[in-house]
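See below for the structure under consideration.
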Amino acid sequence: MLKVFKYLKSSIFSVLAIILLLFVQAYLDLTLPNYTSKIVNVGVQQGGIENAAIEQIGENTLDTLVMFMDNKDREYILNHYEKSDTYKGEDIYSLKEDSNTDKISSIMAEPMMILSYASSNSSSDSNVSFDLPEGVTLQQALSMMSDSDREKMLQSIDKKIKDIPDTIVEQAAVSYVKTEYQRIGIDTDQIQTMYIFRVGLIMLGLAAAAMAIGILIVFIGSRMAARLARTLRHKVFTKVVGFSKNEIKSYGQSSLITRTTNDVQQVQMVVVFLFRVVFFAPIIGIGGVMKAMNTNADMTYIIAIAVLAILAVVVVLFAIAMPKFNRVQKLIDKLNLVTREILSGLPVIRAFSNERHEEERFEEANKRLTKVNLFINRAMSFMMPVMMLIMNFVCLIIVYNGAHGVDTGAMQVGDIMAYIQYTMQIIMAFLMISMMSIMLPRANVSAKRIMEIIETPDTIYNSDHLVEFKSEARGKVEFKNVSFRYPDADYDVITDVDLVANPGETTAFIGSTGSGKSTLINLIPRFYDVTDGELLVDGVNIKDVDLHELREKIGFVPQKGVLFTGTIKDNIKYGNDKISDKAVEKALDVAQATEFVSKLKGAVDYDISQGGTNVSGGQKQRLSIARAIAKDPDIYVFDDSFSALDFKTDAKLRGELAKITKNKTVLIVAQRISTIMNADKIVVLDEGRVVGIGTHKELMKNCTVYKEIALSQLSKEELENA
């Protein structure tokens, strides 16, 4: 999989942008639980009052509070409040705008808590107790004490307050602030409503920003993955186009199609989620742990239990499902192979009334793939319920432990809610990674299959030191002791062939089936490379010249006529798209195709369907010949290209062909004696060896193999008349 990532170099800025956006999104997601906690703790429980830094306070209350402070704190507080209004004859003081509210809150909290306990007569229920005479308030007692006695009493109270949890001190102070606001005529309900509204708007803004960033990440990631898929398809296709026939056979057409489509799609799909999940999960997971520990470090063990449980589930599923992923792609190859064979062989299947057998063969391949996919999907479907069970179980533990914290004053309800949210974010991060751990193996298999194609060494390639063709030997084809064997074969299929095909001559090849005729001429355009000896074109070894230039010199017509989707004109111009319409017409005339083309709707603009299925075999063959003629090459190679033609059309075509190939080299592979009887040179092959070279008459006299072939096709009288 890592090898595939090197093709993401062109998208490096997209990758960096995604990573940056993921950090921003993680920050936003991790901030939301904090605001949830504020809504509950401050908005609901504290009536919208955030801390003990009271914004407006009556003069009497302020004077009372500063009595519980040392000289330094008293001076600091008095310096940060200024007279702003009066209410029922009492001066009202407001907090200055530039004040440090956190510091003021820390100073005011304890005195407010003490006064809150004193005024509610709840000191007996707390750690703070005041031994006061009956009917004497705490304020009155302090005002009557000397400075030294008051300081001793305050020190005693401070020692007892240290044992009280901060949350209780803060809540008591906030309760006192709320009471004071009500006393001086401030609408506390309005404060609560505005606080909840303000924090709610912030939460909506954060959620909207996180959503927008998430959409942007998916958009950038999808484009990046699509570019990668396009690059991989291009690389695979370009590589396959350069394969020799041997590599095509070794991989198989169905497998090459699967690797170019399905495998690339698997990689594309994983890359989309990879940056969105694999990078995001650690960020949100680590951030969640840090936030959760800041909320309450005592419950960190709960997160550890949840993570270990999830990892255990993932490891078990991974061990079960992993071996199956390797099989899926191979089974897809097999299904594609069977489908391709059935669709291409439908006429034969119908002719032998064997549809039932082929349906069963397809169904067998289909069942195997379905069975493996069902196994994987069942394993995956098992994961989600288990994960949800773990998440719900973790929530129960947090609520149980948090309830004790709330009871002792160590936590607030909002903190429990925030902790649950942080824990869920951490668990979801591991859940996302576990989901990717299931997707990655299949994508990894696909990536290996893709890279296997891309990294396959070329067997047919250009030399490092290319040479030019010799102009004085234009069109000359020379075999010098050429031998060839297929890779991994035990014997040569072509052995020690030594012959020359000169320009202006027609050289024909004939022999029994499997004698090596097609293999021999497939060596000329380097569909295969010779094993031993040399093959020269224009006086130069074809291994030393540019492949493109070599094939530009050759007009090749294969055994099986191949047409491409498009018009007849497009197919004729396939070898040279710069030729004129007159040249197209001339090529059709020579190939004896004008008559049937003129009858088609649109004539040369008639659309050929995929594979040329809307024209007959003979028509397809003639159009293939016309395509080679239109190219006007130096060398014509006809690999049994007249087999689908009747004798009359065959004779006319060869007669017209002779007129335009007077200075060209023509090589013909044929099964019919009548096709090659007038050739300038006939090469007879038998089990890969040349057993005779000469004209028809010469070979009838001195080549037994040729004579046997001729007599098997024509009578003695026909041969003598020929």
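Selection of helices (runs of 4 or more DSSP H) fully inside the range 629-722 by the criterion of at least 1 residues being touching a strand residue (DSSP E or B) at 6+ places or on another chain (Cβ under 9 Å) returns 647-660, 673-676, 696-702, 704-713. Within the range 91-109, residues that are basic (K, R) sit with their Cβ atoms under 8 Å from residues that are surrounded by fewer than 17 Cβ atoms within 10 Å (Cβ to Cβ) and not in a helix (DSSP H, G or I), at 6+ positions apart or across chains, in these pairs: K96/E82. Just to be sure before I move on: is A447 at pLDDT below 85, part of a helix (DSSP H, G or I) and either touching a Pro at 6+ places or on another chain (Cβ under 9 Å) or not assigned by TED's automatic domain parsing to the domain that holds G288 (or both) in the structure I sent? Spelling it out, it is not the case that A447 is at pLDDT below 85, part of a helix (DSSP H, G or I) and either touching a Pro at 6+ places or on another chain (Cβ under 9 Å) or not assigned by TED's automatic domain parsing to the domain that holds G288 (or both).
Taking the criterion of being in contact with a helix residue (DSSP H, G or I) (Cβ under 8 Å, 6 or more places away or on another chain) and modelled with pLDDT under 90, the residues of the range 546-562 that qualify are P558, Q559, G561, V562. Of the helices (runs of 4 or more DSSP H) that lie entirely inside the range 1-73, those containing 1 or more residues that are over 20 Å from D187 (Cα atoms), touching a residue at least 60 places away in the same chain (Cβ under 8 Å) and of a type in the set (A, V, I, L, M, F, W, C) span 2-5, 12-38. None of R223, R230, R259, R276 is touching a Gly at 6+ places or on another chain (Cβ under 9 Å) and of a type outside the set (A, V, I, L, M, F, W, C) except R276. Scanning the range 426-438 for residues that are under 25 Å from the mean Cα position of the chain (by Cα), modelled with pLDDT of 80 or more and closer than 30 Å to K239 by Cβ turns up nothing. If you go through the range 214-263 and keep only what is crowded, with 19+ Cβ neighbours inside 10 Å and under 30 Å from L32 (Cα atoms), you end up with I217, I220, G221, M224.
Within the range 327-351, residues that are surrounded by 14 or more Cβ atoms within 10 Å (Cβ to Cβ) have Cβ atoms under 8 Å from residues that are acidic (D, E) in these pairs: Q329/D263; I342/E358; I349/E355; I349/E358, counting only partners at least 6 apart in sequence or on another chain. Annotation: of all residues in the range 669-717 being surrounded by fewer than 14 Cβ atoms within 10 Å (Cβ to Cβ) and at pLDDT below 85, the one that is nearest to I524 (Cα to Cα) is Q713.
The values are calculated or read from the model by the stated rules, or taken from the named source; none is laboratory data. On a predicted model such as this, the values are computed, not experimentally measured, just so you know. Because the Cβ atoms are built from the backbone with ideal geometry, glycine has one as well, and the counts that use them run over all protein chains shown.
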